[in-house]
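The values are calculated or read from the model by the stated rules, or taken from the named source; none is laboratory data. Quick caveat: nothing in here was measured; it's all calculated off a predicted structure. Every residue, glycine among them, receives a Cβ derived from its backbone with ideal geometry; neighbour counts consider all protein chains shown. Note: areas computed on protein heavy atoms with side chains; ligands, DNA, RNA excluded. Shrake-Rupley method; radii C 1.70, N 1.55, O 1.52, S 1.80 Å.
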Amino acid sequence: MLKFFFGPQSCALASHIALEEAGANYEAVKLDLRAGDQRKPEYLKVNPKGRVPALVTDRGILTENPAILAYIAQTHPGKKLAPLDDAFAFGKIQAFNAYLCATVHVAHAHKLRGYRWADQQSSFDDMKQKVPETVAACFELIENEMLEGPWVAGADFSIADPYLFTLSSWLEGDGVDPQRFPKVLDHRNRMAQRPAVQRVLPLHQ
């Protein structure tokens, strides 16, 4: 059985949804991030980065959403969560997920986690003020160039969709009006209706 570590209101929601979509046999372990569970010695043995998500498998531990999402798709091929028989199409999904991880999430993190990049309060204030602009720029690119529709990769649902749903759910909190991005908003609304999302979303509140 897999063991999945997550925290509420975190990016771990993406992989949690994928586990449900795959019908995976897993145990979910909820960390209290506000209480600092992710920095306690017992969890640092699981993930020395002190972040979520983390997935314990029979071969070792995986961290980072793009890796976990790909693993879920590859270990549950019958669920067709990625075009595993098409290297280019799978690469495009990986590129999308990497963009969410390395660019969109980082733009979002400047709002509350400026201490990762700077030490001065003036720097924190500047980064926080910039968040609505940088996050909106990311979603403008997603809306116009990357989201094929109706799902991220076109006609077929994939591991990219839970990840986009997770980050697009942060738009309002980042000071961005989702109405500016009708395709992204439609995607978010349809994702919210999926049974897998409805099963795990209450655990992430």
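What are the pairs with Cβ atoms under 8 angstrom where one residue, in segment 172-195, is at positive phi and the other, located anywhere, is assigned to a helix (DSSP H, G or I)? Sequence gap at least six, or different chains. Close Cβ pairs satisfying both conditions: 175/131; 175/132; 175/135. Restricted to helices (runs of 4 or more DSSP H) entirely inside segment 147-205, those with at least 1 residues that are among the basic types (Lys, Arg) and either under 16 Å from the mean Cα position of the chain (by Cα) or over 19 Å from residue 66 (Cβ atoms) (or both) are 182-192, 195-200. Comparison of 161, 177 shows that the only residue that is at pLDDT 95 or above, of a type in the set (Asp, Glu) and closer than 30 Å to residue 27 by Cβ is 161.
The residue of segment 151-189 that is farthest from residue 130 (Cα to Cα), among those that are touching a Phe, Trp or Tyr at 6+ places or on another chain (Cβ under 9 Å) and among the β-branched types (Val, Ile, Thr), is 152.
Taking interchain pairs and intrachain pairs at least six residues apart, which have beta carbon atoms under 8 angstrom, with the first residue in segment 9-38 and farther than 23 Å from residue 76 by Cα and the second outside any helix (DSSP H, G or I) and among the basic types (Lys, Arg)? Close Cβ pairs (under 8 Å, with a partner that is outside any helix (DSSP H, G or I) and among the basic types (Lys, Arg)) amount to 38/51.
Among the residues of segment 123-134, are any over 20 Å from residue 81 (Cβ atoms), aromatic (Phe, Trp, Tyr), surrounded by fewer than 18 Cβ atoms within 10 Å (Cβ to Cβ) and without any contact (Cβ under 8 Å) to a residue 24 or more places away in the chain? Checking segment 123-134: not a single residue is over 20 Å from residue 81 (Cβ atoms), aromatic (Phe, Trp, Tyr), surrounded by fewer than 18 Cβ atoms within 10 Å (Cβ to Cβ) and without any contact (Cβ under 8 Å) to a residue 24 or more places away in the chain. Residues that are open to solvent by 10 Å² or more (accessible area, probe 1.4 Å) and more than 29 Å from residue 153 (Cα to Cα) number at least 3 in the following helices (runs of 4 or more DSSP H) confined to segment 1-117: 41-44.
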